[in-house]
Amino acid sequence: MTTPTTIPVPARPYPYPFIPGRTALVVIDMQRDFIEKGGFGDALGNDVQRLEAIVPTIAKLLELFRRKRWPVIHTREAHLPDLSDCPPSKIARGNAPLKIGETGSMGRLLVRGEPGNQIIEALKPVAGEVVIDKPGKGMFFGTDIQSILDNKGITHLLFTGVTTEVCVQTSMREANDRGYECLLIEDGTESYFPAFKQAAIEMMVAQGGIVGWAAPSVALEAALAEAPIHA
Ligand code: TIU
């Protein structure tokens, strides 16, 4: 067996070992439900517009991975229309004017197939990319992602998407516990709460990278641009 090429990406707390072809770009929940007015994030009382800032960064990374034909995984937080995969506690939580399954200006909140549940136009998946509907905050709970990653030989995951301290952090922690080497792209993730974004990043890279690594997208691009990549 040949040793795979490993490209060191400057990152915190130390360089991240990027392996071409074994590394997937993960885009967590870049859905209208979280990013546009009238969706689930808006119903929870959040300023949804602040999430738009990361769209160009994710678009740029998607373009890079598509050009290289490296794997891309999109997730959506989405429930079945009968809500049979949604715990009553999740529906009941909070005092939002609209709850999961109720109808807003983009259809039923967090329900599969509804207009608001789709990934935003600018980051729309293309043929061949994996799209996972997940009932929880993490991408492994209640999904087939583990076998999909195993079948594709993916061992390394680059995380982007929203929100940093909710679905991104939960997914990265789930992946870390399952043995994946995880890098969070700092300008490719956003929160409704800037302080929570920063705190989430710090707690993941602390203690020698207890959950994984973090780096800005330029560090990844520069490292890949200099490296001889044949994948
Ligand atoms: N995708 C995701 O992060 N789901 C959330 O509910 N996030 C919030 O920050 N509310």
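Derivation of every value follows stated rules applied to the coordinates shown; laboratory data play no part. Just so we're clear, the structure is a prediction, and the values are computed from it rather than from any experiment. Glycine also receives a Cβ, built like all others from the backbone with ideal geometry; neighbour counts cover every protein chain displayed.
Using Stokes-Einstein with the Kirkwood hydrodynamic radius over Cα pairs, what translational diffusion coefficient do you get for the chain at 10 °C and a viscosity of 1.306 mPa s, in µm²/s rounded to a whole number?
Working: Rh = 17.9 Å.
So the translational diffusion coefficient is about 89 µm²/s.
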Karplus-derived 3J(HN,Hα) from phi for the stretch 90-102 (6.51 cos²θ - 1.76 cosθ + 1.60, θ = phi - 60°), whole Hz, x at Gly and Pro, runs 6, 5, 6, 4, x, 10, 5, x, 10, 10, 3, x, 7
Point-to-point label distance, Asp177-Ala222, nm (Cα→Cβ direction, 7 Å offset): 3.6
Placed amide H near Leu83: partners under 5 Å, 5+ positions off or other chain: none
Estimated translational D of the stretch 19-101 in µm²/s (Stokes, Kirkwood radius over Cα pairs; 25 °C; 0.890 mPa s): 164
The lysines whose Cα lies under 25 Å from the Cα of Lys152, excluding any fewer than 8 residues away in the same chain, are Lys60, Lys68, Lys124, Lys134, Lys137
Note to self: C-alpha centroids of the stretch 51-87 and the stretch 182-231 sit apart, in Å, by 17
Applying the Karplus parametrisation 6.51 cos²θ - 1.76 cosθ + 1.60 with θ = phi - 60° to the phi angles of the stretch 3-18, what ³J(HN,Hα) value in whole Hz is obtained for each residue in order, glycine and proline being reported as x? 6, x, 5, 10, 10, x, 9, x, 7, 9, x, 7, x, 8, x, 7
Hey, can you grab everything whose amide H is under 5 Å from the amide H of Tyr16? Only 5+ residues off in sequence or another chain; H modelled, so Pro and N-termini drop out. Val9, Ala11
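Can you list which of the trypsin sites (Lys or Arg not before Pro) found in the stretch 42-97 are DSSP loop residues with at most 16 other C-beta atoms within 10 Å? Spell out each step's value before the answer.
On the way: sites: Arg50, Lys60, Arg66, Arg67, Lys68, Arg69, Arg76, Lys90, Arg93; in loops: Arg69, Arg93.
Loop-located and lightly packed - Arg69, Arg93.
Please report the antiparallel percentage of the DSSP beta bridges confined to the stretch 49-195, to the nearest 5. Walk me through the intermediate numbers first.
Values: 2 of 15 bridges.
Percentage antiparallel, nearest 5: 15.
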Whole-Hz Karplus ³J(HN,Hα) for the stretch 112-117, in order, using 6.51 cos²θ - 1.76 cosθ + 1.60 and θ = phi - 60°, x for Gly and Pro? 3, x, 6, x, x, 8
